[in-house]
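Asker: Here it is, the structure in full.
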Amino acid sequence: MAVTILAIESSCDDTSAAVIRDGYILSNIVASQDIHKSYGGVVPELASRAHQANIVPVVDQAVKKAGISLKEINAVAFTRGPGLLGSLLVGTSFAKGFALSLGIPLIEVNHLQAHVLVHFIQKENKGKTPDFPFLCLLVSGGHTRIICLKSHLEMEILGNTIDDAAGEAFDKCGKLMGLPYPAGPVIDQLAFQGNKKAYVFSKPKVKGLDFSFSGLKTSFLYFLRDRIKDDPDFIEKNKADLCASLQYTIVTILTAKLVKASVETGIKEIGIAGGVSANSGLRDAVISESERRKWNLFIPEFSFTTDNAAMIGITAYYKYLRKEFTGQDVTPLARI
Ligand code: KG4
Ligand code: ZN
């Protein structure tokens, strides 16, 4: 019998619903919240309200686009965490009510595990999925980790950020340059016209496979402050070079640790995931490392880099096969 899952993602500022059948996506709808742009970052209270307004229409669209009837759904999955508590509560409560009304099981999903499992979504005409162990650099607005996946549902964290995430470094440095939130994609675009070696920013010396980005943000701030003293228009005149050099620094830090992880573990099944994995500089850097080091490299489609419910659905599919269901007393977790 086919396994059909309705998946809900509401951990931050995207409300998303997907229908996934036997690991294949039938629909994946994402409603992004533009309201945060003018605040320079996600405002938790506004995010929860927007999820509340979006969730029913987004689920309705996902079910319609999938062309299924509600009685074909075998389970409903939701992001339990990590994320913003108010945002998670909307998806969790919706999923509980949905499961109860249809009398179907509920499946909780860890958002970070889901970002990594995006590489296991089945597609017609798509090559094979990664073999295990699979090493994945997860880079998003909230997380920067090197994860070793030993099976679909068994993961070990080999490296983590000790302060800011890579996406935060893009966003906070972008804010210093007056760019809108989220600044990552804007920096990516501006970097194409700039010289990545125009400015050199210091790279942190962090032990093992861990990361640190708060020092880069501070040195970027001091660098801009000093240059603006001499020329108030410094940022405007040099924006493309600043973006290219900043991106190059972040990408170099990320790629060096991924290479180190591969060398230390001997694993050559390698992937990147999360919002920052959409970055052109990072994609180019891992592709060239993969050619040099004979990696079997997995880069997600752009639509699966930022938050989406398809990744929640694929993770839930593997949990469904193992009958890993959740009770109605489940509560969301901001941190896991
Ligand atoms: O995975 P995601 O959608 O949400 C979290 O779980 O955090 O990641 C969002 C992050 C933001 O920091 C955003 O600036 C960054 O991903 N991002 C990018 C790019 N696209 C999104 N950073 C650099 N280059 C991009 N093209
Ligand atoms: Zn995410």
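Asker: Going by the conditions given, is residue 220 more than 30 Å from residue 31 (Cβ to Cβ), free of Cβ contacts under 8 Å to residues at least 12 places away in the same chain and over 22 Å from the mean Cα position of the chain (by Cα)?
Answerer: no
Asker: How many of the residues in region 1-32 are polar (S, T, N, Q) and within 14 Å of ligand 2 (Cβ to nearest atom)?
Answerer: Number of matching residues: 5.
Asker: Tell me yes or no: at least one residue of region 63-80 is surrounded by 16 or more Cβ atoms within 10 Å (Cβ to Cβ), within 22 Å of the chain's Cα centre (by Cα) and not in a strand (DSSP E or B).
Answerer: Looking for residues that are surrounded by 16 or more Cβ atoms within 10 Å (Cβ to Cβ), within 22 Å of the chain's Cα centre (by Cα) and not in a strand (DSSP E or B), one finds none in region 63-80, hence no.
Asker: Of the residues that make up region 83-97, is at least one outside any helix (DSSP H, G or I), closer than 30 Å to residue 164 by Cβ and aliphatic (A, V, I, L, M)?
Answerer: There is at least one residue in region 83-97 that is outside any helix (DSSP H, G or I), closer than 30 Å to residue 164 by Cβ and aliphatic (A, V, I, L, M).
Asker: Let me ask something else about it. Name the single residue that is surrounded by the most Cβ atoms within 10 Å (Cβ to Cβ) among those in region 28-62 being more than 24 Å from residue 317 (Cα to Cα) and among the β-branched types (Val, Ile, Thr).
Answerer: So the residue we want is 42.
Asker: Just checking, does region 57-69 include any residue being within 30 Å of residue 172 (Cβ to Cβ), within 16 Å of ligand 2 (Cβ to nearest atom) and in contact (Cβ under 8 Å) with a residue 40 or more places away in the chain? Break it down stepwise before answering.
Answerer: Filtering region 57-69 for residues within 30 Å of residue 172 (Cβ to Cβ) gives 58.
From what's left, within 16 Å of ligand 2 (Cβ to nearest atom): none.
No: region 57-69 contains no residue that is within 30 Å of residue 172 (Cβ to Cβ), within 16 Å of ligand 2 (Cβ to nearest atom) and in contact (Cβ under 8 Å) with a residue 40 or more places away in the chain.
Asker: Looking at region 21-42, I want the residues that are more than 17 Å from residue 55 (Cβ to Cβ) and have a partner that is small (Gly, Ala, Ser) and surrounded by fewer than 17 Cβ atoms within 10 Å (Cβ to Cβ) with Cβ atoms under 8 Å, at least 6 apart or on another chain. Which pairs are those?
Answerer: 21/2; 22/2; 26/67
Asker: I'm checking my understanding of the structure. Among residues of region 287-306 that are in contact with a Gly (Cβ under 9 Å, 6 or more places away or on another chain) and either small (Gly, Ala, Ser) or under 20 Å from residue 112 (Cβ atoms) (or both), which one is nearest to ligand 1 (Cβ to nearest atom)?
Answerer: 306
Asker: While we're here: Tell me, yes or no, whether region 155-166 has at least one residue that is within 14 Å of ligand 1 (Cβ to nearest atom) and among the small types (Gly, Ala, Ser).
Answerer: Taking region 155-166 first, the residues within 14 Å of ligand 1 (Cβ to nearest atom) are 161, 164-166.
With the extra rule that they be among the small types (Gly, Ala, Ser), the set shrinks to 165-166.
Checking region 155-166: at least one residue is within 14 Å of ligand 1 (Cβ to nearest atom) and among the small types (Gly, Ala, Ser).
Asker: All but one of (1) within 16 Å of ligand 1 (Cβ to nearest atom); (2) at pLDDT 95 or above; (3) in contact with a Pro (Cβ under 8 Å, 6 or more places away or on another chain) hold for residue 92; state the number of the condition that does not hold.
Answerer: Going through the list (1) within 16 Å of ligand 1 (Cβ to nearest atom); (2) at pLDDT 95 or above; (3) in contact with a Pro (Cβ under 8 Å, 6 or more places away or on another chain), residue 92 breaks only (1).
Asker: Would you pick out the residues in region 240-261 that are among the hydroxyl-bearing types (Ser, Thr, Tyr) and surrounded by fewer than 20 Cβ atoms within 10 Å (Cβ to Cβ)? Let's see the steps before the verdict.
Answerer: Initial filter on region 240-261 (among the hydroxyl-bearing types (Ser, Thr, Tyr)): 245, 248-249, 252, 255.
Residues satisfying the conditions are 252, 255.
Asker: Checking the condition charged (D, E, K, R) and closer than 30 Å to residue 35 by Cβ, which residue from 150, 175, 196, 203 passes?
Answerer: 175
Asker: All but one of (1) closer than 21 Å to residue 191 by Cβ; (2) more than 16 Å from ligand 2 (Cβ to nearest atom); (3) touching a Leu at 6+ places or on another chain (Cβ under 9 Å) hold for residue 327, so report the exception by its number.
Answerer: (1)
Asker: Counting only residues that are in contact (Cβ under 8 Å) with a residue 40 or more places away in the chain and among the basic types (Lys, Arg), which one in region 287-322 is surrounded by the fewest Cβ atoms within 10 Å (Cβ to Cβ)?
Answerer: Step by step, filter region 287-322, then rank; the result is 322.
Asker: May I ask you to list the residues in region 255-279 that are in a helix (DSSP H, G or I) and more than 15 Å from the chain's Cα centre (by Cα)?
Answerer: Listed by number, the residues that qualify are 255, 256, 257, 258, 259, 260, 261, 262, 263, 264, 265.
The values are calculated or read from the model by the stated rules, or taken from the named source; none is laboratory data. Predicted, not measured: the structure shown is a model, and the values here were computed from it. Backbone-built Cβ (ideal geometry, glycine too); neighbour counts: all protein chains shown.
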